[in-house]
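Everything below concerns the one structure shown next.
The values are calculated or read from the model by the stated rules, or taken from the named source; none is laboratory data. Keep in mind it's a predicted model, so treat the numbers as computed, not measured. Note that we place each Cβ from the backbone using ideal geometry, even for glycine, and neighbour counts take in every protein chain shown.
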Amino acid sequence: MIESLDQEILLAFNASNSSFWDYFWLFFTDKITGTLFIGIFMLFMWKKSNFKTAFIIGVFVVVSVIFTDLLATLVKNVVARPRPCSINSEIADQIRLLADGLFKGKMIDSNAVKCEKYSFFSAHAAVAFAMASFLGKLLNRIHKAYFGVMLIWAFLVSISRIYLGFHYPSDIIVGSIFGFGVGILVYEFYDKIQIAFLKNYRFNPNK
């Protein structure tokens, strides 16, 4: 039942032949645009504090990304669920496969390799939500709207993986929840560390 619904939602979303939506989702799925998005907010936080504070926050972001990606990879290898576009998938011949990012041009041979990697759960969704929840909690100290902006960005990144045929909706849901949880835990750890050891470099934008 769940697997059938997973497939139906994926195929309905993936079936679009709109150039606009192709470019829209390719934009959000691309790691380059994601890096630029996070980079802009890191520069903003630097402006609101100082270089050392922003650098420390950046270290926590990198650690959360590495940790989340490693855990996602571990779970993928244990569960071993084929991607929708894999030759081992029941719906592989129904998937409209695009490039894996806006700046990668047309579909390339590496997509065939990517399709044979495992699907559950989505590392894109997990990493995006880990960064969004961690940075969103920090930016919440400036204005609550920033937390919402970060979550919307992570949501769009995650949904792009369904549109492009690399993940099922359930991969995205679990990855998003996992990543969000990691980001909150990293934030709580960061908060305790800065209070105990980094009092001079606390992120206090309204100070």
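General remarks:
- The set of residues in the stretch 1-40 being touching a residue at least 24 places away in the same chain (Cβ under 8 Å), among the small types (G, A, S) and over 14 Å from G165 (Cα atoms) consists of G34 alone.
- Qualifying residue in the stretch 158-165 (condition: outside any helix (DSSP H, G or I), surrounded by fewer than 22 Cβ atoms within 10 Å (Cβ to Cβ) and not β-branched (V, I, T)): no
- Lone unmet requirement of (1) within 28 Å of N88 (Cα to Cα); (2) surrounded by 20 or more Cβ atoms within 10 Å (Cβ to Cβ) for M150: (1)
- Flag for V59 being modelled with pLDDT of 80 or more, part of a helix (DSSP H, G or I) and surrounded by fewer than 17 Cβ atoms within 10 Å (Cβ to Cβ): yes
- Hits in the stretch 39-53 - residues which are surrounded by fewer than 19 Cβ atoms within 10 Å (Cβ to Cβ) and either in a helix (DSSP H, G or I) or aliphatic (A, V, I, L, M) (or both): G39, I40, M42, L43, F44, W46, K47, K48, F51, K52
- Which numbered condition T53 fails, given (1) farther than 30 Å from V113 by Cα; (2) touching a strand residue (DSSP E or B) at 6+ places or on another chain (Cβ under 7 Å); (3) not aliphatic (A, V, I, L, M): (2)
- For first residues located in the stretch 145-171 and in contact (Cβ under 8 Å) with a residue 24 or more places away in the chain and within 22 Å of A12 (Cα to Cα), partners that are among the hydroxyl-bearing types (S, T, Y) and in a loop (DSSP other than H, G, I, E, B) and lie 6+ apart or on another chain with Cβ distances below 7 Å form the pairs S158/S122; R161/S122; H167/S119; H167/S122; Y168/S119; D171/S119; D171/S122.
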